[in-house]
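Contents: one structure, followed by commentary.
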Amino acid sequence: MRSPFQSEPEAFRSVLAVLLALLAIVLAAVLGPAWLALAVLAVMLVGLVIRATQLRIRKQRLDRPLKSAPPHVGSAADRRVLVVANDTLGELALLGEVERLASVPHTHVLMLAPALVSSGARLTGAVDGPVDQARVRLAAVLDRVGQGLDIAGDISEAEPLQAVEDAFATFAPDEVIVCTRRKRTRSGLEPRLAALVRERFAVPVRHLVFDPGLGAREPDRETEARYRREFDDLFARKSTLVTLAGVGILASLVMSMAALVRSGESASPQPVVSQAAATAPVSAVIALKIIPSSKPGPDGKVHDAFTKTEFAVSVGRPVQLRIDNTDSQPHSITAPEAGVNITAMPGIHTYTMLVTTPGRFQWFCVYPCDSEANGWAMRHAGYMSGYITAS
Amino acid sequence: MFSAGSATHEHAVHLSPQPWRWGHPRVLVEYPDEAGGLAIASALRFAGYAVSVCPGPPGRGQCPLVGPDGCAPAHDADLVVCGLGYEREVAREVLRALRTRCPDVPLVVAVPSEVDDDLRELLQGCHELPSQASPEQIVDAVQGLLGPPAQERPSGA
């Protein structure tokens with residue numbers, strides 16, 4: 001993956017896009033319900049995934065292998081050989097092979113050491129370490145090769161395949177030799193690099209595989225195919241993990257949104273407490289108020305109070321309560337045994353009370369109130385508590 | 001780039017993937033056999049031409065040249081060497097598309113020993129070579145049509 005900060009315009013566009021995305025999320029969080037910010041984030045993530053997929057498909061289309069090569073440079077006798085190596089640069093067998101090639105008259109050798117930069121480091125632009133490592137390895141080899149031979153060296157911070165393409169533009173090789181280890185390592189060139197170079201460039205490509213102590217060998221086509229399969233398997237595993245992580249993030253976002261929507265619904269006013277009331281005719285309409293610090297108590301203090309705390313209702317017959325809650329916070333008429341739970345929001349609203357079981361039931365306000373008297377009114381009938389008598 | 005003993009670092013140039021990464025004159029070689037295609041490409045390179053080698057449709061699905069997108073390497077080529085084996089209808093489709101979609105691009109065609117009427121009609125205006133033509137014969141034909149290219153060294157080479 002290319003770093004989005006490789007050039008100033010790219011960095012500016014990337015920072016601007018991130019700022020706009022953050023602004024949209026913050027605006028959604030401030031102006032809309034809480035779940036809207038998550039929804040905006042989810043939409044942006046989905047958009048990002050779609051865009052990344054589009055770019056990948058486009059790159060694959062552009063990268064459709066078609067072997068090509070620039071014209072030969074020099075006289076017909078000249079031969080230009082590109083040797084691509086990094087972690088194998090210290091191998092004596094490689095040194096011997098390079099000297100053997102360069103000792104042939106009219107042969108020019110370019111040793112290319114692509115820096116082994118991880119995707120993460122490439123993204124952040126932290127490539128100095130791998131570039132220095134490649135430079136040191138290459139300089140050590142060039143110091144050891146025989147004098148008088150036409151051997152040059154080059155390092156590149158580009159991806160290995162891109163580095164080879166760059167070398168074709170500047171060196172125009174007639175042959176490429178790719179040197180790797182037998183097994184893929186984190187700090188080594190991909191063994192399948194040779195197959196990729198062979199796929200893209202219309203020149204002979206040799207693959208030298210180095211095993212410590214065993215020298216260099218050229219793998220057969222079956223082994224090359226296995227390198228390709230191993231890489232494809234690894235890529236498929238990585239893609240599956242990334243996809244699963246993406247699905248997990250999206251699923252958690254959707255679940256968070258659903259939870260927020262549901263909690264928003266339960267926090268909204270509940271005008272109808274007893275659902276059966278929807279079908280039965282209303283038997284009476286009772287008006288009452290909730291007034292904080294309004295009713296004197298036996299302790300000499302004034303307490304929060306409902307203006308009506310005794311309700312006589314008929315079993316199965318809904319009663320409408322027109323409650324004027326003058327407080328700034330909600331209060332409730334809650335009688336679990338009677339199946340009543342009315343939350344009275346600030347302001348004037350009409351609620352329905354329906355009791356289906358005969359009896360005398362105590363109700364109370366579940367919201368913290370009468371705080372100046374430690375909630376005294378919540379425990380005393382006639383204040384923020386009372387009785388419902390159903391007959 | 002640095003030579004033995006020196007250590008001057010130079011940043012590599014990033015090149016976007018392009019159908020033709022090299023300058024003119026460009027020759028597209030359509031040849032199904034990998035080794036044969038490489039031999040022709042090598043001969044053409046040493047004669048001074050930039051080359052691309054396409055193995056044709058078999059194993060790669062439909063040739064883009066006969067599809068709606070067309071084929072950028074064919075459109076941008078200065079000459080196409082056609083060696084797909086024109087006994088087969090699928091190869092003739094590609095040749096037909098080349099004739100109609102890239103009418104200004106000269107074609108050097110390796111023709112089979114027996115040419116039927118359909119193929120004879122398709123080959124009108126093409127430079128014909130025997131199907132077993134050597135890379136040197138192909139280079140001669142290309143030079144005859146395009147002229148010898150001017151030698152130009154790539155930057156830094």
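The values are calculated or read from the model by the stated rules, or taken from the named source; none is laboratory data. Because the structure is a prediction, the values reported are computed rather than measured. Cβ: placed from backbone, ideal geometry, glycine included. Neighbour counts: every protein chain shown.
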For A:Ala251, are the conditions met, namely being modelled with pLDDT of 80 or more, exposed (fewer than 12 other Cβ atoms within 10 Å of the Cβ), of a type in the set (A, V, I, L, M) and under 50 Å from the mean Cα position of the chain (by Cα)?
no
Residue in region A:114-121 that is surrounded by 13 or more Cβ atoms within 10 Å (Cβ to Cβ), assigned to a helix (DSSP H, G or I), under 19 Å from the mean Cα position of the chain (by Cα) and in the same structural domain as A:Gly213 (by TED's automatic domain parsing) present
yes
Taking the criterion of being buried (at least 16 other Cβ atoms within 10 Å of the Cβ) and without any contact (Cβ under 8 Å) to a residue 12 or more places away in the chain, would at least one residue in region A:326-334 satisfy it?
no
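Here's the yes/no breakdown for (1) in a helix (DSSP H, G or I); (2) modelled with pLDDT of 85 or more:
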site	(1), (2)
A:Ile25	yes, no
A:Ala28	yes, no
A:Trp35	yes, no
A:Val49	yes, no
A:Lys59	yes, no
A:Arg64	no, no
A:His72	no, yes
For region A:153-171, indicate whether the set of residues that are farther than 30 Å from B:Pro149 by Cβ, part of a helix (DSSP H, G or I) and hydrophobic (A, V, I, L, M, F, W, C) is non-empty.
no
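Which of the following residues is in a loop (DSSP other than H, G, I, E, B) and under 18 Å from the mean Cα position of the chain (by Cα): B:Asp69, B:Asp104? Reasoning before the result, please.
Numbers: B:Asp69 fails: under 18 Å from the mean Cα position of the chain (by Cα).
None of the others qualify; the one that does is B:Asp104.
Would you confirm, using the coordinates I've provided, whether B:Asp140 is free of Cβ contacts under 8 Å to residues at least 40 places away in the same chain, in a loop (DSSP other than H, G, I, E, B) and of a type outside the set (Phe, Trp, Tyr)?
no
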Within 37 Å of the chain's Cα centre (by Cα) and not small (Gly, Ala, Ser) - does that describe any residue in region A:95-105?
no
If you go through region B:30-44 one residue at a time, do you hit one that is in a strand (DSSP E or B) and either under 23 Å from A:Pro204 (Cβ atoms) or modelled with pLDDT of 95 or more (or both)?
yes
Residues in region B:76-95: is at least one more than 18 Å from B:Gly36 (Cα to Cα), in contact with a Gly (Cβ under 9 Å, 6 or more places away or on another chain), without any contact (Cβ under 8 Å) to a residue 40 or more places away in the chain and hydrophobic (A, V, I, L, M, F, W, C)?
yes
Of the conditions (1) in a loop (DSSP other than H, G, I, E, B); (2) surrounded by 15 or more Cβ atoms within 10 Å (Cβ to Cβ), A:Ile177 fails just one. Which one is it?
(1)
